[in-house]
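The values are calculated or read from the model by the stated rules, or taken from the named source; none is laboratory data. Predicted model, so just to flag it, every value in this text is computed and none were measured. No Cβ is skipped: glycine too gets one built from the backbone with ideal geometry, and neighbour counts run over all protein chains shown. When the accessible area is computed, the model is the full protein with side chains, heavy atoms only, and any ligands, DNA or RNA have been set aside. Shrake-Rupley method; radii C 1.70, N 1.55, O 1.52, S 1.80 Å.
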Amino acid sequence: MTTVRALIATTVKKGWQVLQLDVNSAFLHGDLHEGLVVEAPGLVCKLNKSLYGLKQASRQCEKLTEALCSRGYTHSMLDYSLFYKKTEGLVVFVAVYVDDVLVTGTHLQDIESLKTILHNTFKIKDLRKLHYFLGLEVQYTEKGVLMSQRKSTMDLLKEFGCTDCPPMTSPLDSSMKLKADEGALADPSYYRKLIGKLNFLTNTRLDIAYGVQHLSQFMQSPREPHLKAAYHVLRYLKGDPSLGILLSNDADYRVKAFCDSDWATCPQSRKSVSGYIVLLGGSPISWKSKKQSTIFLSSAEAEYRSARMVVGEIVWLARLLTELTVPLALPIPILCDSKVALHIARNPMFHERTKHIEVDCHFVRDQLQEGLISLHHVSTNDQLADIFTKSLTGIKHSTLLGKLEVSSSPPT
């Protein structure tokens, strides 16, 4: 999804059209080389083509790959769902997810030629200009593209009976501390289904990323308070189901990242939560909220690990954006509200507080010395990644969303 968001954000800024294709029965084009033994003795059923539901089905889209590569397209090594063709003055990108295809580039004539070739080989439906892709709704405005999941949100509210519930101002109650052993839940599968669908909404609803990450910790053995908190998230979504991210069409290609951490926030394990967000010209294209797998000895170490997370994402994202012909300005600034963590990253000497995180230190310092990133301090009040590490009050939550190009209606 980060690749999809980055691709659409790039096309919006460059003024390219994004067209959508649908391959008829994509799996049926995949060739199979295995037989299927049936109950009758000595008989084997041989399938020449793939079918939905087979274990091999997800690997049978190689036929489409072969067709694109034979026409001069290159398989991206950064994301295998992305193909591109670059010649002098010509750039065309193709993003493929099973049978859904996005095509964009500089010349519509070459795109039309590609569509004809694919139709002759696979029988495709031309859905024209992109409006709906993998559950993402795309709305075109004067200031860019508004990407949301309104239909999925409304369906979820209806499925779980929250269409008439009073809305909440924040995804989670900031005063609530969930525990792992309170009030058994009669049907755990109900909770797991709800969290799974909420997780899908985080593709555009970055405002619930922390809440969903937090509730996902209890998937193995969910309890009544956990389900109650999940319904709190639903009531928050009820407040504005059409909320999404605005991918701006201005010519600002500057990449900037924020990272933050909440030290020892888990009351049971004392593990920390780290979060980051990467912006392209002010528009969010990548974000994450993650509970760390180890216990950190200090808040500085937790903050440093969040910096390590975002640097790893930037290393990949910088290569992807370069491949997407984005004019990348280096170094990419990373903003953190911990001066101690910034000092650790800049200090070439190891000591008692950093020798046990030597690998992380080397990775961040190497990228710093190579000029890919630069580290800067930001005040806690201006820390945009705060929304990915903790439950916030309604006022603080809405204030941060206003700074993150999150919108629910076309800007005027």
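Accessible area, 1.4 Å probe, largest first: how do F200, F218 sort?
The most accessible residue leads, giving F200, F218.
Could you give the size of the charge dipole of the chain about its Cα centre, using +1 on the Cβ of each K and R and -1 on the Cβ of each D and E, expressed in debye and rounded to the nearest 20?
It works out to roughly 240 debye.
Let me check the size of the chain from its C-alpha atoms; what are the radius of gyration and Dmax in Å?
When restricted to the Cα atoms of the chain, Rg and Dmax are 23.4, 74 Å.
Across 10 Å bins from the origin, how do the percents of Cα pairs in the stretch 206-339 run, short distances first?
Result, from short to long distances: 11, 33, 32, 20, 4, 0 percent.
What pairs in K151/K228; K151/K396; K177/K271 have C-alpha atoms more than 20 Å from each other?
Pairs exceeding the cut-off: K151/K228; K151/K396.
Provide W316, W263 ordered by accessible surface of protein heavy atoms (probe 1.4 Å), highest first. Display every interim value, and only then the final one.
Values: W316 65, W263 120 Å².
Descending accessible area places them as W263, W316.
Give the angle, between 0 and 90 degrees and rounded to the nearest 10, that separates the Cα long axis of helix 358-369 from the longest principal axis of the Cα atoms of the chain.
It works out to around 70 degrees.
S76: net charge of surrounding residues, Cβ under 10 Å, Lys/Arg +1, Asp/Glu -1, itself excluded?
-1
Could you work out which residue, out of A302, A229, A67, moves most in a Gaussian network model of the chain, that is, has the largest mean-square fluctuation with Cα springs under 10 Å?
Of A302, A229, A67, the Gaussian network model singles out A67 as fluctuating most.
So who's got an amide H within less than 5 Å of the one on V91, skipping anything under 5 residues away but keeping other chains? H placed 1.01 Å off N, in plane.
T106, H107
List the extent of the Cα atoms of the stretch 123-185 along each of their three principal axes, largest first, rounded to whole Å.
That gives 54, 33, 25 Å along the principal axes, largest extent first.
Ignoring everything except DSSP H segments at least 4 long, calculate the 222 nm mean residue ellipticity for the chain; use -39,500 (n - 2.57) per segment, divide by total residues, nearest 500.
Rounded to the nearest 500, the figure is -10500 deg cm²/dmol.
Keeping every protein chain in place, order C336, C165 by accessible area at 1.4 Å, biggest value first, i.e. largest first.
C165, C336
Say the dipole of the chain comes from +1 at the beta carbon of Lys and Arg and -1 at that of Asp and Glu; which of S152, P171, L114 then lies farthest toward its positive end?
Farthest towards the positive end: P171.
Mind telling me which of S269, S374, S286 comes out most flexible in a GNM of the chain, alpha-carbon contacts under 10 Å?
S269
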